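Take a look at the structure below.
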Amino acid sequence: MSGEEDVAKAGGEGRAPGRSAGRPSATVGMSGEESGSGTATERSVVVRQADGDDLTAVVEVGHRTWPVTYGPIAGDDYVAMGLAKWWTQEATIPAIRAGRVLVAEVDGEIVGMASVGPSEGHLILWKLYVLPSHQRDGLGARLLRAVIDKAQEDGYDELRLSYLAGNDGAGAFYEHFGFRETERESGGSGIPDSVWMARPLRTDEQEERQS
C-alpha cells in the first residue's frame with residue numbers, strides 16, 4: 001500500500017466496494033464484549049505503531065484468528081485463501097513500512113493488530129484482529145480508538161470498514177463505536193456478503209472551523 005498499490009498487489013487490500021469479493025475484513029474475532037473498557041488494565045498493555053521487528057508476530061495474529069472466526073462463517077477454503085493471500089510476510093511488510101499498522105501488546109507479547117490504508121480518497125480499516133485468548137480484554141476497543149484518534153489527527157473526514165455477514169458480534173462492536181452500515185457487497189461462490197460501514201470523524205468544532 002504505497003504505497004497502497006504495493007499492498008493491493010501483494011495482499012489484496014486497497015480495493016473499494018464493488019471491486020472484488022473475498023477481501024479481508026476488519027472484524028475477525030470481534031465480539032460484543034470488546035466494546036467495554038476491558039479487563040487488561042492490571043497487566044502491562046501498550047498500543048503502538050508496528051515496526052519491522054513485529055512482522056512475524058503480526059502475521060501470527062492473522063493465522064491464529066482466521067480459522068476460528070472465518071471457518072464457521074465462510075469455510076476452510078476461504079480461510080486458506082485469505083491466509084495465503086493477505087497473511088504472509090510479503091503482504092504485510094509494505095503496510096508496516098508505511099506506518100499503517102498498530103499492535104496491541106500485553107506484557108510484551110503482541111496479541112492484536114490493526115491496519116489502515118487509503119482507497120479512492122477514503123481511509124479504510126482493513127484489519128483489526130485480537131487473539132482469541134484476549135478477545136474479552138477490551139484490546140479491540142483500544143486498537144479501534146487508537147485508529148480513530150490517528151485518523152482524526154491526520155484530517156480524515158470518515159473511516160470505513162467491512163465485515164462478513166454472519167459475524168454479528170463484529171457488527172455490534174462497530175455499531176457501538178458509531179459505525180453505520182452503508183452497503184452490502186456480494187461475496188459470490190458461497191461466500192457471505194461483505195457489510196460495509198462508515199463512521200464520520202469530524203467533530204462539530206472541526207466542522208465550524210471549516211465553514
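Laboratory data are not the source of any read-out in this text; all were calculated from the coordinates shown. All values reported here derive from a predicted model rather than from experimental measurement. In this analysis, Cβ positions are derived from the backbone assuming ideal geometry, glycine residues included, and neighbour counts consider all displayed protein chains.
Computed values, structure above
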| quantity | calculated |
| --- | --- |
| Pairwise Cα inverse-distance average, inverted: Kirkwood Rh of the range 103-156 (Å) | 11.8 |
| Residue 63 paired with residue 77, simple spin-label distance in nm, labels 7 Å along Cα-to-beta-carbon | 2.4 |
| Nonlocal amide H pairs with residue 183, under 5 Å, H built at 1.01 Å | 196 |
| Gain upon complete extension [residue 55, residue 176; 0.36 nm per residue less C-alpha separation] | 40.5 nm |
| Two-site label geometry, residue 46 and residue 90: point separation in nm, points 7 Å out along Cα→Cβ | 3.2 |
| The range 104-211, relative contact order [Cα under 8 Å, separation at least 6], % | 22 |
| Alpha-carbon centroid distance for the pair the range 127-153 / the range 70-122, whole angstrom | 13 |
| Rounded if a/c under 1.5, otherwise prolate or oblate - the range 86-205, Cα gyration tensor axes | rounded |
| Inter-centroid distance (Cα atoms) of the range 171-196 relative to the range 50-65, Å | 25 |
| Under Karplus coefficients 6.51, -1.76 and 1.60, residue-wise ³J(HN,Hα) of the range 153-161 in Hz, glycine/proline x | 4, 7, x, 6, 7, 7, 10, 10, 7 |
| Extended-chain gain in nm, criterion 0.36 nm per residue less alpha-carbon gap, residue 158 and residue 122 | 12.2 nm |
| Ranked by how many other beta carbons lie within 10 Å on average, peptides 189-197, 145-153 from highest | 189-197, 145-153 |
